[in-house]
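Presented below is the structure to which this report refers.
We did not get these values from a lab; they are worked out from the coordinates using the rules stated. Everything quoted here is computed from the prediction, not taken from an experiment. Heads up, the Cβs are rebuilt from the backbone with ideal geometry, glycines too, and the neighbour counts pull from every protein chain shown.
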Amino acid sequence: MEEFVTIQCPFCGQTFDVTVDTSVRRQSFTTDCEICCRPFEVLAECANGEVVTVETASE
Ligand SMILES: [Zn+2]
């Protein structure tokens with residue numbers, strides 16, 4: 001299952017949606033901000049097919 005979650009860019013502060021695979025309990029991936037195009041890391045934890053926590057981190 002994939003679910004949309006709203007994350008906030010650590011650089012420009014804008015929020016936008018990314019998809020998270022909720023079948024993976026703990027995952028991290030790099031995404032580019034849709035607004036300022038800078039890459040940052042997203043850490044997501046899922047349980048029972050739902051996203052529990054999402055954190056963003058700049059390098
Ligand atoms: Zn940004």
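For this structure, a couple of remarks:
- In the stretch 1-40, the residues that are of a type in the set (A, V, I, L, M, F, W, C), within 14 Å of the ligand (Cβ to nearest atom), assigned to a strand (DSSP E or B) and over 8 Å from the mean Cα position of the chain (by Cα): 16, 40
- Subset of the stretch 38-56 (residues that are touching a residue at least 24 places away in the same chain (Cβ under 8 Å) and either surrounded by 11 or more Cβ atoms within 10 Å (Cβ to Cβ) or charged (D, E, K, R) (or both)): 38, 40, 42, 44, 46, 50, 51, 54, 56
- Selection of first residues in the stretch 13-37 that are without any contact (Cβ under 8 Å) to a residue 60 or more places away in the chain and of a type in the set (D, E, K, R) and of second residues that are surrounded by 12 or more Cβ atoms within 10 Å (Cβ to Cβ) and assigned to a strand (DSSP E or B), restricted to Cβ pairs under 6 Å at least 6 apart or on distinct chains, gives the following pairs, ordered by first then second residue: 25/46; 26/45; 34/16.
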